[in-house]
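As structure tokens, the structure follows; a few thoughts come after it.
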Amino acid sequence: MENEARASGTPGTVGPGAALPPLDTPRLLIRGRTLDDLEACLAMDRDPEVTRYIKGPWNDPVEHRRFLEFRITRPYPPGLGYWSIRERAAPEVFLGWVMLIPDHGVGPEVEIGWRLVRAAWGRGIASEAARVLATHAFDTVKLPRVIADIHPENKASRAVAERIGMRLVTLSRDDEGEACARYRSQRSDR
Ligand SMILES: CC(C)(COP(=O)(O)OP(=O)(O)OC[C@H]1O[C@@H](n2cnc3c(N)ncnc32)[C@H](O)[C@@H]1OP(=O)(O)O)[C@@H](O)C(=O)NCCC(=O)NCCS
């Protein structure tokens, strides 16, 4: 089944991501992330340019796999989770993901985020997927607001936040003392 799904480019079926609604656009297939995407996600994170501004167990293969399996299989509140991105023109190729998850895993704020393989940068794919995810967050899940915490030097990610209409609210340090630009978008501002 897993191989069949990969070969045909159909969305995976393993994990709670299979229950998330598709957020497809004319160019992109944006489907709930499942364990079918595990290896592609691990490979993406092993590119040091991709994880340059993101803390995580990227250099510990055992912990990295455990971390990712947990993130893919744990339950999220209704309508929240991770979506994998592919192009309609090449549905077998994993391009990255967008997420909408409780901040630090617990909330109450909900964080929106994005990560793409390097080959997919510079084509507007992250902003296109993030825009449709923000619409889902406000119109379907009815969230009052979403936030994004971004390393201040991560210009590409800050540009995505700004392109989808998020506003910079604080430029400070996070709980672990790391510099952090917090962006926010509110349903009432739309
Ligand atoms: C952050 C990240 C997702 C941004 O990706 P991106 O491709 O730069 O973002 P977008 O989808 O908004 O694409 C914008 C670029 O595509 C270009 N583009 C090309 N075709 C386009 C189109 N049809 N529509 C829109 N933009 C297009 C834009 O001009 C812009 O190029 P520029 O950066 O040279 O100005 C990517 O850098 C990444 O995955 N980084 C590593 C992970 C990471 O840091 N995640 C965020 C953690 S907070």
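All of the numbers you see were taken from the coordinates with simple rules; none came from a lab. For clarity, every value in this text was computed on a predicted model and none was experimentally measured. As a convention, Cβ positions derive from the backbone with ideal geometry for all residues, glycine included, and neighbour counts pool all protein chains shown.
Couple of notes before you dig in:
- Protection proxy ranking, peptides 108-115, 182-189, 59-66, average beta carbon neighbours within 10 Å, highest first: 108-115, 182-189, 59-66
- Sites Val106 and Arg66, calculated FRET efficiency, Cβ-Cβ separation with R0 30 Å, nearest 0.05: 0.95
- Acute angle (nearest 10 degrees) that the helix 61-73 long axis makes with the longest principal axis of the chain, alpha-carbon atoms: 90 degrees
- Label point distance in nm, Ala159-Arg190, each placed 7 Å from Cα along Cα→Cβ: 2.4 nm
- When each of the peptides 70-80, 31-41 is scored by the mean number of other C-beta atoms lying within 10 Å of its residues, the order from highest to lowest reads 31-41, 70-80.
- Region 152-190 and region 55-121 have Cα centres spaced 18 Å apart.
- Gain in span if fully extended, Arg88 to Arg118, counting 0.36 nm per residue against the direct Cα distance: 8.9 nm
- Shown here: the chain, whose C-alpha atoms stretch 46, 38, 32 Å along the first, second and third principal axes, sorted largest to smallest.
- Mean Cβ count within 10 Å, highest first, over the residues of peptides 171-180, 147-156: 147-156, 171-180
- For Tyr82, the shell of other residues with beta-carbons less than 12 Å away shows a net charge of +3, using +1 for Lys and Arg and -1 for Asp and Glu.
- Karplus-based coupling profile of region 83-96, in residue order and whole Hz: 10, 7, 10, 9, 9, 4, 6, 8, x, 7, 9, 6, 9, x, with θ = phi - 60° in 6.51 cos²θ - 1.76 cosθ + 1.60 and x standing for Gly or Pro.
- Nearest 10 degrees, 0 to 90: helix 125-135 Cα axis against the chain principal axis: 70 degrees
- For Trp114, nonlocal amide neighbours, meaning residues 5 or more places apart or on other chains whose placed amide H falls under 5 Å from its own, are Met99.
- 3J(HN,Hα) couplings calculated from phi for region 174-186 with the Karplus curve 6.51 cos²θ - 1.76 cosθ + 1.60 (θ = phi - 60°) are, in sequence order, 7, 4, 9, x, 7, 4, 8, 9, 9, 9, 9, 9, 10 Hz; Gly and Pro show x.
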